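Report on one structure; see the data block that follows.
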């Protein structure tokens, strides 16, 4: 069964304190791994897509990496505005549909 | 470029009633997916529409149904509402083909009492 597990469930950082979020996955035939940011009561905001092991993507203070079993979202020198829930998802094929299977997310709080 | 929009923003219904949620896809996107997100959980796939037909469905009962229109907008209908249907309902649009990125709307918060 395809599974996505994120850790930790919650993370509190001081402003400027770098850290990493983990997303481990078990899927038969990865077609893409996605990172989203979600603010309370809002829809997920697309951040990155990674397709193959060794791939890396960067955006401002965020960097996503991918191995054959997991992905990391590295946050360098975070600011309070980076506080949000970060969701990881994998694409699986269900018939001809491309559905996202999500983890439960990591709730990040950055303290000033 | 217009993003994904959803209506209404919030909705309160009584158990047993029926509800219709609406979604307009992002400009240039022809595929719409619907997700249900319970509090503290990741979104769960309900179904996907492409060319006005359902082409994939998650583990949801038949009382969850949908439509896609020629302009690629979509509706999610839920009959015989249950208390557990209370959630944030998210619509996501994408292009068909290799680029699988799905872009989400702001969601509709449904409360069933």
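In plain terms, if you count all Cα to Cα distances in the range B:1-45 and split them into 5 Å steps from zero, the share in each step is 5, 15, 19, 25, 22, 9, 4, 1 percent. As a proxy for reagent exposure, B:49, B:89 were ordered by neighbouring Cβ count within 10 angstrom, fewest first; the result is B:89, B:49. In the range A:42-95, Cα pairs under 8 Å separated by at least six residues give a relative contact order of 22 percent. Short to long, the 10 Å bins of the Cα pair-distance histogram for the range B:63-113 hold 20, 45, 27, 7, 0 percent of all pairs. For chain B, the relative contact order comes to 36 percent (Cα pairs under 8 Å, sequence separation of at least 6). Using only alpha carbons, chain A has a radius of gyration to Kirkwood radius ratio (Rg to Rh) of 0.97. The distance from the alpha carbon centre of the range A:10-39 to that of the range B:38-53 is 21 Å, rounded to a whole number.
In the distance distribution for chain B, Cα-Cα pairs more than 20 Å apart total 34 percent. Rg and Dmax over the alpha-carbon atoms of the range A:66-112 stand at 14.3, 47 Å.
Taking other C-beta atoms within 10 Å as the exposure proxy, A:47, B:90, A:73 rank A:47, A:73, B:90 from fewest upward. When each of A:74, B:29 is scored by the number of other beta-carbon atoms lying within 10 Å, the sequence from fewest to most is A:74, B:29.
The Stokes-Einstein estimate for the range A:19-71, based on a Kirkwood radius over Cα pairs and taken at 4 °C with 1.567 mPa s viscosity, is a diffusion coefficient of 108 µm²/s. Build a GNM of chain A with springs between Cα atoms under 10 Å apart, and of A:70, A:81, A:56 the one that fluctuates most is A:81. Applying 0.36 nm per residue to the separation of residue B:77 and residue B:39 and subtracting their alpha-carbon distance, the gain on full extension is 11.6 nm. Mean projected area of the Cα convex hull of the protein assembly as shown, taken over all directions, amounts to 12.2 nm². Within chain A, DSSP assigns beta bridges of which about 90% are antiparallel (rounded to the nearest 5). Take every Cα pair under 8 Å whose residues are at least 6 apart in sequence, average their separation, divide by the length of chain A, and the relative contact order is 36 percent.
Relative to the current alpha-carbon distance between residue A:57 and residue A:83, full extension at 0.36 nm per residue lengthens the span by 7.4 nm.
Taken together, the values in this text are just the output of simple stated rules run on the coordinates, not laboratory data. Bear in mind the structure is a predicted one, so any value in this text is a computation, not a measurement. FYI the Cβ positions are ideal-geometry reconstructions off the backbone, even for glycines, and counts take in every protein chain you see.
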